[in-house]
Amino acid sequence: MSQAGQCYRAPMTRPIQIIPSILAADYARLGDEVMKADQAGGDRIHLDMIDGHVFKNLSFGPRMFQALRAYTKKPFDVHLMATPAHAWIDALKEAGCDRILLHWDLEEDISNLIRSIRAHAMSVGLVLTPRNEAIDVLPHLDQIDVVNVMTVDPGFGGQIFLHAMMPKIAEVRALIGRRPINLSVDGGVTPETATLAARAGADSFVAGTSIFKSKSKTYHDAIMALRDAASHATKKSPETV
Ligand code: DX5
Ligand code: ZN
């Protein structure tokens, strides 16, 4: 405890990751878009796989990811919004994907899915939608690599960041504690909202519109702006909480 009665939080040492989401890219040139996002400094590539059943949009699938694999060596994170999830694991592994992000509230056994993804030598994350609570991930925290907090309603890019998710980000960070787990935010991420999310404990930032649809910045500058904002926000340690 400090003299003022506040607790000091250890400096955040986990590297910031900026993860371009191709849902906002130019679909007529997806290979080039992935290559440009890589060269511009994206740490991983976020692939929203939406089948129109739970979320009313239709996007990409494993054959597309396999085709895109030739354009970058960066890891592919599949944000799986297609059901049943278990039916896609083999195909996503074969397509060269590296990580699957599962929605916590799937009507399938999450522990079995996590085990199956790991058995396929992929890493795994859990996604909390705005209606899910931080505590929902607790039973799975020792089996996963990342918690992805949705900061918009899932399914579409270009939405406004939900500031009401901020306490949840901080709660997830506290639950993670010293476990080697990343905390990502997904939806409406801009330099301004990345600053807020980073202060709350996020270390990874999924961004579509603010990179691929920026009117004033190159992809490189857009990624740099996100990285600078998030890094700056977490460099004020030791930080009082
Ligand atoms: C939304 C997706 C996001 C989306 C983010 O369901 O999960 O990954 O691409 O897009 P922006 O950055 O445009 O909010
Ligand atoms: Zn996503």
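Readers should treat all values here as calculations from the given coordinates under stated rules, not as data from a laboratory. Keep in mind the model is a prediction, meaning the values are calculated, not measured. Please note: Cβ atoms are built from the backbone with ideal geometry, for glycine as well, and neighbour counts cover all protein chains shown.
Among DSSP beta bridges whose residues both lie in the chain, state the antiparallel percentage, nearest 5. The partial results should precede the final answer.
Numbers: 3 of 35 bridges.
If I count the DSSP bridges inside the chain, around 10 percent turn out antiparallel.
Just to verify a number: FRET efficiency for Asp153 and Tyr27, C-beta to C-beta distance, R0 = 22 Å, to 0.05?
Details: r = 22 Å, r/R0 = 0.98.
Computed FRET efficiency for Asp153 and Tyr27: 0.55.
Suppose a student asked you for the relative contact order of the stretch 31-169, using Cα pairs under 8 Å spaced at least 6 residues apart; what percent would you report?
Details: 215 pairs, mean separation 25.7, N = 139.
Reported relative contact order: 19 percent.
Spin-label point model (7 Å from Cα, Cβ direction): what's the His53 to Arg69 distance in nm?
2.4
Largest first and in whole Å, give the semi-axes of the chain's equivalent ellipsoid, each being the square root of 5 times a Cα gyration tensor eigenvalue. Write out the running numbers ahead of the final one.
Details: eigenvalues 152, 98, 48 Å².
Those come to 28, 22, 15 Å.
Pull up the cross-link candidates among the lysines for Lys217, meaning alpha carbon to alpha carbon under 19 Å and not fewer than 8 places away within one chain.
Lys36
Straight-line reach from Lys93: which lysines have Cα under 16 Å away, leaving out those fewer than 8 places along the same chain?
Once the sequence-local lysines are set aside, what remains near Lys93 is Lys73, Lys74.
Can you tell which of Ala121, Gly52, Tyr71 lies farthest toward the positive end of the dipole of the chain, using +1 and -1 charges on the Cβ of basic and acidic side chains (Lys, Arg; Asp, Glu)?
Going by the charge dipole, the pick is Tyr71.
Just tell me which aspartates and glutamates come within less than 18 Å, Cα to Cα, of Lys213; anything on the same chain fewer than 8 places away is out.
Output for Lys213: Asp26, Asp32, Glu33, Asp38, Asp48, Asp186, Glu192, Asp221.
What distance in nm lies between label points placed 7 Å from Cα along the C-beta direction at Ala119 and Ile135?
Label at Ala119, label at Ile135, 3.2 nm between them.
Work out which trypsin sites (Lys or Arg not before Pro) in the chain are exposed loop sites (DSSP not H, G, I, E or B, at most 10 other Cβ within 10 Å) and give the longest gap free of them.
74-130
Which value in deg cm²/dmol, rounded to the nearest 500, describes the helix-derived mean residue ellipticity at 222 nm for the chain, given -39,500 (n - 2.57) per DSSP H run of n ≥ 4 and division by the residue count? Kindly include the intermediate steps, with their values, before the conclusion.
Working: 8 runs with 74 residues, N = 241.
After summing the helix terms and dividing by the residues of the chain, the value is -9000 deg cm²/dmol.
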